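Taken together, the values in this text are just the output of simple stated rules run on the coordinates, not laboratory data. On a predicted model such as this, the values are computed, not experimentally measured, just so you know. We place every Cβ from the backbone using ideal geometry, glycine too, and count neighbours over all the protein chains shown.
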Amino acid sequence: MEDYKFLFKVVLIGNSGVGKTCLVRRFTQGVFPKGQGATIGVDFMIKTLEIENSTGQSENVKLQIWDTAGQERFRSITQSYYRSAHALILVYDISCQPTFDALSDWIREIQEYANPKVLKILVGNKTDRDDREIPVRVGEEFAKAHDMYFLETSSKQGENVEKLFYEIAAELIEQARRQKGGLSRTHHSSVTNLGMKSNISNFQSNCCSGSGSNNN
Amino acid sequence: MDDLPKEFDLIVIGTGFQESVIAAATSRVGKTVLHIDQNEFYGGFWASFNLENFMTHLNRDTGDKKCKIRNVSQEWFEFTEEKSEINGWNKEKIISEGRRFNIDLIPKLNYCNGKLVELLISSNICRYTEFRAVDKVLTVLNGKIDVVPGSRADIFTKKNVSIIEKRLLMKFITQCVEYKREENNESFKEESFDFPDDGKFIDLMKQQKLTDNLIHYILYAMCMANTETTFKEGLEAIRTYLTSIGRYGNTPYLFPMFGCGEIPQCFCRLCAVFGGVYWLGQKINDIQLINDESGNELVKMNFGNEEISAKKLVCGLDSNFIDLNQNPFEYISRAVIITSSPLGGSTVNSDMDGGGVVLLYYPVEGKSDGITMIQLAHYTSCISKGLYLIHLSTTCQNGAKSDLQPFVETFLRHDHDAETEDDTKPTILFSTYFEIPSSIKGHDYVSQQNGPIYSCSGAFSELDYDESIRQSRLLYSKMYPNDEFLPKAPEPEEIIIGDDDDDREGNVNLGVLADLVPENKEDTDKVLEKEDMNKTQ
């Protein structure tokens, strides 16, 4: 067993070029990618964080951060991308009005496909730019109107990037605690993830030759 | 920066299952893929919709399109003042919840040990979706709905199967598993069946002195076969059943959470991750074959304001670019029925709240395939709690309504009488019938294709995706004979990202994926709702 107590799926959405991939890479690898195009084959990135809980103990949390794989370019994100996300980060570029104008379209998609209780965060990225078009207050108001958290970041300078993901992790832990049983990691039989190796067993042991190991 | 490249290795039109598999496989080995769909949604004839979009889709004007959903009819229960609701549900309430439904055009189940599950695991596409193990398999025995004993434990707790029958069944099943045609061992042979491959499976079972009860369970419920099924086919079917059972649950089947429309999308996601470009909702004006300077054939496509060329083109059945004279196709008769109580009532639902997935295969006399019934409840995220989504499918013979009548008239009712004791027949609150284009006729249509334009078939009248996968592999190997078919996609930690001087601290590591869906969504939602209230106070 690996040493982590929670695993959360965080997905990023927003127009092309707002810096989604840069946010993830800055956070998971501490780098600001210089060029585009090196991300072929990357599905999601993982980072394990240490979070101090309300009782003062620190716990390991694994964030699985999913990128759009470019499908946002022509508005063709698969619905399955939104399914079972614990948190959703909607990103716009503070120096590019059209990326802010597109937010309502993104909200519609979220409403259609994501779990209604998903944690939503609005992020205005690229605060390092000096040609700001969207005042902080406008972003804040939009977030408030749509029941979202709000933060401005700069992947280039690293500003607020750590904060963004640490706050998401802390909030998701709190949410998980409020649930009965508390841990999002507990395995349960009703939903099957095919990748779980422990599921694979030989039928003969539980059907024919008789140990009945699966029927207990 | 949104300039679309003008040249691709492959253009795929349509996001149905086969098209998506081909797109993913091609992109996976490093070729450039443009994947488009003229619809605004993924999946074509394989899509799932919420209630409103489902109705809009079935009733939309498709113009002079030849390959389309046909003979659509729909009906609501007539709620009156005296009967304003059934089990708390009426038309308005169902419609108001309909946004959270996921209704499949073509519902399918997957054998736990079947080709789709195998492919999802071997390619690592399984990380994009989750499944629910089918809770129960039903059959109709002597006119009554009965639960099929799946596991060994089930068989031994079943009251209407005698001890002698249990022994016979176990012996027969064991023999089926161990039977090998090429076995040379004489002593083994004596233990094994002495029966011709093309003899009828039912005759073998009679020869082995299985009782009618057992023959029924094996033939209809485990093998989904009929009296004409050969020994060879029967043996294969029962082996698939047996190797699938107990792998993920107590039945051999899985159903994708949020519906079967998720499946093609998983392949699309993989295609995109490896660089495939996606564009939905764009009308294609024109496709032409041209020759480049060196005389090679190229496909030129005009769509939107773009002109793109590609070395190869793959068209889905609903793309309108398949020559239907050369590729005649068949239809599947479908019914989608909503009820507020589960099939078979309390007699077969006493052990659970009916919250899962139930399969029933109903043989129809004089028809090579019977009616397949898949009942979905809220744990699948396909319907609201308290409602049941009943999918009926069979190959189209005399039209959807008439093909599916035998099942509907026997196990469901159109009226509602709360007084009656018999709750085995749920009342139909809503029903819709339609016929949907399915497979291209002829199993060798793939081998006749020589490109550079290829066509994909629709769904086959099979429970799983085995034939679709077989054909996709075949088509892919025709298109790219030297390339591997969907090798395992790397885990995130195996990927070396092309930055020169980054300083990674080993924080990228992925082990076993934990389940991402809470065990009991309702409970979670309730708790979260409470918390929301606390927050606002």
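Placing pseudo-labels 7 Å out from each Cα toward the beta carbon at B:K65 and A:S16 gives an inter-label distance of 2.6 nm.
Restricting to DSSP loop positions (anything but H, G, I, E, B) with no more than 16 other Cβ atoms inside 10 Å of their own Cβ, which GluC sites (Glu not before Pro) remain in the stretch B:304-366? Before the final figure, lay out the partial values.
Working: sites: B:E306, B:E307, B:E330, B:E365; in loops: B:E365.
Passing sites in the stretch B:304-366 are B:E365.
With R₀ fixed at 25 Å, the C-beta to C-beta distance from A:K163 to A:E133 puts the FRET efficiency at about 0.60.
For B:K6, the lysines whose Cα comes closer than 18 Å to its Cα, not counting residues fewer than 8 places off in the same chain, are B:K31, B:K283, B:K300, B:K311, B:K312. The B:T80 and B:S368 beta-carbon pair, evaluated with R₀ = 41 Å, returns a calculated FRET efficiency of approximately 0.45. Of interest is the spacing of the C-alpha centroids, which for the stretch B:385-462 and the stretch B:252-294 amounts to 25 Å. Of the trypsin sites (Lys or Arg not before Pro) found in the stretch B:4-66, the ones in coil according to DSSP and having at most 13 other Cβ atoms within 10 Å of their Cβ are B:K6, B:R60, B:K65, B:K66. In terms of surrounding Cβ atoms within a 10 Å radius of their Cβ, B:L10, A:L172 rank from fewest to most as A:L172, B:L10. The label-point distance for A:K34 and B:N90, in a model that sets each label 7 Å from Cα toward Cβ, rounds to 6.9 nm. Of the DSSP H helices in chain B, those that are both long (alpha-carbon extent of 18 Å or more along the helix axis) and hydrophobic (Kyte-Doolittle mean at least 0.5) are B:163-178.
Computed from label points 7 Å out along Cα-Cβ, the spacing between B:D415 and B:E307 is 6.8 nm.
Rounded to the nearest 500, what is chain B's calculated 222 nm mean residue ellipticity when only DSSP H runs of at least 4 contribute -39500 (n - 2.57) each, over all residues? Please report the intermediate quantities before stating the final value.
Numbers: 15 runs with 150 residues, N = 537.
Roughly -8000 deg cm²/dmol at 222 nm, from the helical runs in chain B.
Taking the convex hull of the alpha carbon positions in the stretch A:6-187 and averaging its projected area over all directions gives 10.8 nm². Give the residue list of trypsin sites (Lys or Arg not before Pro) in the stretch A:58-92 that are DSSP loop and have at most 12 other beta-carbon atoms within 10 angstrom. In loop regions of the stretch A:58-92 (DSSP not H, G, I, E or B), there are no sparsely surrounded trypsin sites (Lys or Arg not before Pro).
Other residues lying with their Cβ under 14 Å from the Cβ of B:H414 contribute a combined charge of -1, Lys and Arg counting +1, Asp and Glu -1.
Order B:141-148, B:105-112, B:16-23 from most to least packed using the mean count of other Cβ atoms within 10 Å. Mind dumping the intermediate values first?
Details: B:141-148: 15.8, B:105-112: 25.1, B:16-23: 29.9.
Answer by packing, highest mean first, reads B:16-23, B:105-112, B:141-148.
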